[in-house]
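Student: Shown below is the structure under consideration.
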Amino acid sequence: MSERLSGKDILARLRPGDQAWLTELAGLAGPAAQVALVGGAVRDALLGVTPLDLDVVVDGVQVEELAHASGWPFVYHPAFQNATLHLPDGRFADLVRARRESYPVPGQNPVPEPGTLADDLRRRDFTVNALALRLGPEPELLDVAGGQRDLDRRLLRPLHRHSFHEDASRLVRGARIAARLDLQATPELLEQVQDALHMAPQTSRLWAELKLLLQEARPYLAALKLREWGAGELLPDLRVLAALDELPDVNPQTYAAGLLATAPDAAALAQRLSLGDKPAALLSRALSDTFSPPGTPERQLRAILNPHSYVPLTGKDVLALGVPAGRQVGEALTHLAELRRAGRVNSQLDEQLALRDYVKNAPD
């Protein structure tokens, strides 16, 4: 349960360097402006997690001018009046002009208009993300939608009843948040699932969110949320993701390859999620009988997709039986590979026996 913290308490949960530059930024903006840390950073601070991703909303001051005044390198995006600041430790922070948004065409990009800090919070996806820490001499928590109450109750609630119709990607983002923070869907969220699925084909951002799901620490848990909410059709069979979640140090490419392994049309899914060629290539190697060192993604996937697989013999094993280095080693390995494909060897012992026969009968 999140604690009832003062604004100063919340600010103190940030890294000391982040506290310092955010406080300085508010001072640079001047007393007539509002500068606020918003969204997931505030949510995580309330939960006792040190925020690393920082989004800052400003009202009453030009974003580009404030970015210049900060002294940090930045890139300005004039279409949305946003700036991306490059922090000294290599992280990035977004500096955003407070705005309202409307969706003339559901599923497409929203149309922004200047707004207040409260407007900016109300345009967000879930109550637990509609939180802000207004910075200044006396930092203040702003909660326009009951987000802290929902955090206390471990609930995930959309901000309004048309949320998923406007942007169906919020369904997947919600599953990621719910799995990461162990939140339960409210009835208001579940009532919107079918609308999100109806809008999915025309919401390109939904597929980008599914790709981000594969980068979560436990992708299976997020995918399982989607299934529990009635949106399991967005992803194929989850058994490989479940098995990968039980392993240490699994990278997103391995999860992507595991997802493709159970897809009815792997190529179409890879294209839809913009996965590139690497996951499919990794899957192909995992399904082959090519030797892969222990701990590699190929070995991780192979153990799941073919639990009866074994480590085939290598050139070192061939040399150990007295085969001279060079062309004959390659010929012996080719012979073993043909036996594997024919199903005539099923273990290292089978390969060792077959290799001895091959060496004994090989012409001089």
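The values are calculated or read from the model by the stated rules, or taken from the named source; none is laboratory data. All figures in this text were calculated on a predicted structure; none of them were measured in a lab. All Cβ positions, glycine included, derive from the backbone under ideal geometry; neighbour counts span all protein chains shown. Note: accessible area is taken over every heavy atom of the protein model, side chains too, but ligands, DNA and RNA are not part of it. Shrake-Rupley method; radii C 1.70, N 1.55, O 1.52, S 1.80 Å.
Student: Does Tyr310 meet the test of being of a type in the set (Phe, Trp, Tyr) and either in contact with a Ser or Thr (Cβ under 6 Å, 6 or more places away or on another chain) or open to solvent by 70 Å² or more (accessible area, probe 1.4 Å) (or both)?
Tutor: Yes.
Student: Enumerate the helices (runs of 4 or more DSSP H) found wholly within segment 156-239, keeping only those where 1 or more residues are among the acidic types (Asp, Glu).
Tutor: Those helices (runs of 4 or more DSSP H) span 163-166, 187-190, 193-199, 204-213, 219-228.
Student: Within segment 20-29, can one find any residue that is open to solvent by 50 Å² or more (accessible area, probe 1.4 Å), free of Cβ contacts under 8 Å to residues at least 40 places away in the same chain and assigned to a strand (DSSP E or B)?
Tutor: No, segment 20-29 has no match at all.
Student: Under 9 Å by Cβ, and 6 or more places apart or on different chains, what pairs join a residue from segment 246-258 that is at negative phi with one that is of a type in the set (S, T, N, Q) and open to solvent by less than 70 Å² (accessible area, probe 1.4 Å)?
Tutor: Leu247/Thr254; Leu247/Gln300; Val250/Gln300; Thr254/Gln300; Gly258/Gln300
Student: Quick check on this structure: which one of Val144, Val128, Val193, Val105 is of a type in the set (Val, Ile, Thr) and under 15 Å from Val57 (Cβ atoms)?
Tutor: Val144
Student: Give me a count of the residues in segment 289-298 that are small (Gly, Ala, Ser) and surrounded by 14 or more Cβ atoms within 10 Å (Cβ to Cβ).
Tutor: 1
Student: Also, quick follow-up: Conditions: (1) surrounded by fewer than 16 Cβ atoms within 10 Å (Cβ to Cβ); (2) closer than 18 Å to Pro294 by Cα. Gln271 meets all but one. Number of the miss?
Tutor: (2)
Results for (1) closer than 19 Å to Val49 by Cα; (2) open to solvent by 10 Å² or more (accessible area, probe 1.4 Å), shown as yes or no for each residue.
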{"site": "Leu151", "(1), (2)": "yes, no"}
{"site": "His160", "(1), (2)": "no, yes"}
{"site": "Ala168", "(1), (2)": "no, no"}
{"site": "Val193", "(1), (2)": "no, no"}
{"site": "Thr203", "(1), (2)": "no, no"}
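Student: Which members of segment 250-268 meet the condition of being in contact with a Pro (Cβ under 7 Å, 6 or more places away or on another chain) and either among the charged types (D, E, K, R) or not in a loop (DSSP other than H, G, I, E, B) (or both)?
Tutor: Gln253, Thr254, Tyr255, Ala256, Ala257, Leu259, Leu260
Student: Quick check on Val56: is it open to solvent by less than 30 Å² (accessible area, probe 1.4 Å) and under 21 Å from Pro139 (Cβ atoms)?
Tutor: When the stated conditions are applied, Val56 passes them.
Student: Are there any pairs, at least 6 apart or on different chains, whose C-beta atoms fall under 6 Å, with the first in segment 307-330 and over 18 Å from Pro293 (Cβ atoms) and the second part of a helix (DSSP H, G or I) and among the small types (Gly, Ala, Ser), and if so, which?
Tutor: Val323/Ala332; Val329/Gly315
Student: Test Val49 against the criterion of being open to solvent by 30 Å² or more (accessible area, probe 1.4 Å), without any contact (Cβ under 8 Å) to a residue 40 or more places away in the chain, out of contact with any Asp or Glu (no Cβ under 9 Å at 6 or more places or on another chain) and part of a strand (DSSP E or B), and give yes or no.
Tutor: no
Student: Between Leu301, Leu319, Leu283, which is of a type outside the set (Val, Ile, Thr), assigned to a helix (DSSP H, G or I) and surrounded by fewer than 18 Cβ atoms within 10 Å (Cβ to Cβ)?
Tutor: The conditions single out Leu319.
Student: While we're on this one: Does Val329 count as open to solvent by less than 40 Å² (accessible area, probe 1.4 Å), among the β-branched types (Val, Ile, Thr) and assigned to a helix (DSSP H, G or I)?
Tutor: So Val329 fits the description; yes.
Student: Here is a check on your reading of the model: is Ala67 touching a residue at least 24 places away in the same chain (Cβ under 8 Å), touching a Leu at 6+ places or on another chain (Cβ under 9 Å), part of a loop (DSSP other than H, G, I, E, B) and buried (at least 16 other Cβ atoms within 10 Å of the Cβ)?
Tutor: no
Student: Touching a residue at least 12 places away in the same chain (Cβ under 8 Å), open to solvent by less than 20 Å² (accessible area, probe 1.4 Å), in a strand (DSSP E or B) and touching a Phe, Trp or Tyr at 6+ places or on another chain (Cβ under 8 Å) - does that describe any residue in segment 75-82?
Tutor: Among the residues of segment 75-82, not one is touching a residue at least 12 places away in the same chain (Cβ under 8 Å), open to solvent by less than 20 Å² (accessible area, probe 1.4 Å), in a strand (DSSP E or B) and touching a Phe, Trp or Tyr at 6+ places or on another chain (Cβ under 8 Å), which makes the answer no.
Student: Looking at segment 233-243, can you tell me whether even one residue there is closer than 22 Å to Gly107 by Cβ and of a type outside the set (D, E, K, R)?
Tutor: yes
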